[in-house]
Amino acid sequence: MRIAHLPTAVFGAFLAVLAIDAPLAQGTDENEAGDAERPALWEFRLAAFGRYAPVYPGSAESDLTILPIPIPLYRGSFLNFGENLDQVARGEIIETRRVRLGVDLDFTFGEDSDEIAVRQAMPDLDFMLEIGPELEIKLDNRTPTQGELLLALQLRAGISFDGVDPTSRGLLFSPELEYRRDQVFGGDNLLSLRFKPSWASEDFMDYYYEVEPQFATPERPAFDSTSGYVGSRLTAALTRQINERLVFGISASYWLNSGAENELSPLHLDDSGASIQAAFIWKLWESERRSRRRSTRR
């Protein structure tokens, strides 16, 4: 088990996109901003987060992460930061009733290779930032309370950070089919069921599955990874608004790695895996200024 914290790269990316969004936020109509039905533009939250998951897709080892962290939440005209439990940040470029084109940002924690049996004496897996466009399409005419079906097409660039030194790690493409329903189980709950296969470029695959000759051993032969299918993930998530200040979220995922392009890599040891994560999030403060948007994704 380890206690982790968010590297400064996350907050740096947040501040960069926030600088783009700031002029739009400053131009908000005051009457609109004062609408009591709208959520606050800014909130400050404190999260207690826990996750048990494979250290990477196809890994035979899992890791328990406990993450206490303050979360600045921002609901701007372009950028939404800290609002969705499953995404660090998302930016809206175009949004209509059926289509949303945005920019999404997510991350994965780094791992010490000396703590992973199959990666002993290999370079560590650094903190990875993933950022890129997402096209989300609503596939039916149902309302969120009736249960809606959505298709999201995501293309993200991977950037690893050794301290503050960034390195490009290629591209990851993921179409995601999601069933989402609000007010489920007779309460203020949000249910999400998702299926997400992924494909990656060779640079991305190299980072997780390639064994260069200098790191080869009799038990871990050299392996040259190639681009292609990474695997698929099935996820069920439930978020509950317990009261005005407290939100609880829990999700469980099953990883299907059979048939992956690099399943013959000595670093790819498991054709399946499972993960679970949960979070309690407390709202400590909110701004008097309101967001332009009426709804939120908890």
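Nothing in this text is a laboratory measurement; each read-out follows from the coordinates by a stated rule. Given the structure is predicted, the values throughout are model-derived calculations rather than measurements. Heads up, the Cβs are rebuilt from the backbone with ideal geometry, glycines too, and the neighbour counts pull from every protein chain shown.
Could you tell me which of V99, Q120, L73 has its Cα farthest along the dipole of segment 59-215 towards the positive end, charges placed at Cβ (Lys, Arg +1; Asp, Glu -1), taken about the Cα centre?
The residue sitting most towards the positive pole is V99.
Hey, got the Cα dimensions of segment 61-172 along the principal axes, in Å, largest first?
Cα extents, longest axis first: 53, 29, 28 Å.
If we sort 280-286, 182-188 on the protection proxy, mean other Cβ atoms within 10 Å, highest first, what's the order? Could the numbers behind the result be given before it?
Details: 280-286: 15.1, 182-188: 13.0.
In decreasing order of mean packing, 280-286, 182-188 become 280-286, 182-188.
By counting other Cβ atoms within 10 Å of each Cβ, how are L125, L177 ranked from fewest to most? Don't skip to the answer; put the middle values down first.
Details: L125 20, L177 14.
In increasing order of surrounding Cβ atoms, one gets L177, L125.
Assuming 0.36 nm per residue, please report the length gained on full extension of the stretch T226 to L269 beyond their Cα-Cα distance. If you can, show how the numbers build up before the last one.
Numbers: separation 43, 0.36 × 43 = 15.48 nm, distance 1.68 nm.
Extra length available between T226 and L269 comes to 13.8 nm.
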